[in-house]
1. Which of rounded, prolate, oblate describes the range 54-180, given a ≥ b ≥ c as roots of the alpha-carbon gyration tensor eigenvalues and a/c under 1.5 marking rounded, otherwise prolate only if a/b is larger than b/c?
2. Could you let me know the centre-to-centre spacing of the range 39-70 and the range 82-150, using Cα atoms, in angstrom?
3. Around G92, under 10 Å between beta carbons, what's the net of Lys plus Arg minus Asp minus Glu among the other residues?
4. Going by the alpha-carbon gyration tensor, a ≥ b ≥ c the square roots of its eigenvalues, is the range 108-174 rounded (a/c under 1.5) or, if a/c is not under 1.5, prolate (a/b greater than b/c) versus oblate?
5. For the cross-link pairs K43/K109; K109/K180; K25/K112; K13/K180; K109/K168, which exceed 26 Å when the distance is taken from alpha carbon to alpha carbon?
6. Pairing the Cα long axis of helix 106-116 with the longest principal axis of the chain, what angle in degrees results, from 0 to 90 and rounded to the nearest 10?
7. If you take every DSSP beta bridge fully contained in the chain, what fraction is antiparallel? Give it as a percent rounded to 5.
8. Relative to the first principal axis of the alpha-carbon coordinates of the chain, what is the inclination of helix 13-30, with its axis defined by its Cα atoms, in degrees from 0 to 90 and to the nearest 10?
Amino acid sequence: MYGREVEKVLIPKEEIESIVKNLGKQISKDFAGEELIVVCILKGSCIFFSDLVREINLDVRLDFMTISSYGNGTSSSREVKIVKDLSEDIKGKNVLVVEDIIDSGRTIKRLKELLAEREPKCLKIVSMLDKPERREVEVDGDYCGKQIPDEFVIGYGLDYAQNYRNFKDICVLAPAVYQK
Ligand code: PRP
């Protein structure tokens with residue numbers, strides 16, 4: 001189904017669907033009776049976000065943020081900056097940040113600090129994927145779809161050099177692609 005860029009399918013779309021349904025159920029239960037602002041962190045989480053919000057049975061408002069990491073290439077020196085900010089004020093609101101993956105943890109750690117300064121009522125993180133082996137800072141999501149080993153994954157919003165985000169399955173990128 002895929003070309004030589006895919007080494008193997010890691011999480012097929014049927015499994016993704018079931019993970020997303022379960023996350024939606026859990027989140028709907030935890031915030032029952034409350035309003036929720038659901039924040040998509042562009043671009044990686046756009047597909048997961050679109051599926052997840054439709055599994056959340058609450059009054060939701062959707063908002064979007066673009067984050068960029070600058071630095072000299074090594075992830076420990078990266079600075080996380082807001083490129084596109086939220087359009088809504090989150091003070092006193094329940095906020096759920098949607099990420100595709102937590103890797104080193106630096107993006108989500110900094111994002112939590114930045115958003116906490118705005119005094120939301122509650123700030124939670126949901127990540128489709130988690131690579132605990134890669135963690136450089138102490139941070140965890142509140143909801144996690146699936147922990148995965150340290151492999152380069154693409155599809156379901158995740159890219160390599162901006163490609164492959166539209167694959168329906170989460171796949172492992174063939175090493176030949178990035179060893180070129
Ligand atoms: C990816 C991903 C997370 C971040 C995780 O974003 O979407 O935001 O990296 O990595 P970390 O835990 O090591 O900080 P990326 O900068 O690749 O942008 P994208 O969402 O546009 O793909």
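1. Prolate shape, in that a/c is at least 1.5 and a/b is the bigger ratio.
2. Distance between centres, Cα-based: 11 Å.
3. Working: positive: K91, K93, R118, K121; negative: D89, E119.
Net charge in that neighbourhood comes out at +2.
4. Values: a/c = 2.33, a/b = 1.88, b/c = 1.24.
The shape class here is prolate.
5. Values: K43/K109 18 Å; K109/K180 32 Å; K25/K112 23 Å; K13/K180 29 Å; K109/K168 28 Å.
Pairs exceeding 26 Å: K109/K180; K13/K180; K109/K168.
6. Helix 106-116 sits at roughly 10 degrees to that axis.
7. Numbers: 13 of 37 bridges.
Restricted to the chain, the bridges split so that about 35 percent are antiparallel.
8. 20 degrees
The values are calculated or read from the model by the stated rules, or taken from the named source; none is laboratory data. Note that the coordinates shown come from a computational prediction; the quantities given were computed from them, not determined experimentally. Note that each Cβ is placed from the backbone with ideal geometry, even for glycine, and that neighbours are counted across all protein chains shown. When the accessible area is computed, the model is the full protein with side chains, heavy atoms only, and any ligands, DNA or RNA have been set aside. Shrake-Rupley method; radii C 1.70, N 1.55, O 1.52, S 1.80 Å.
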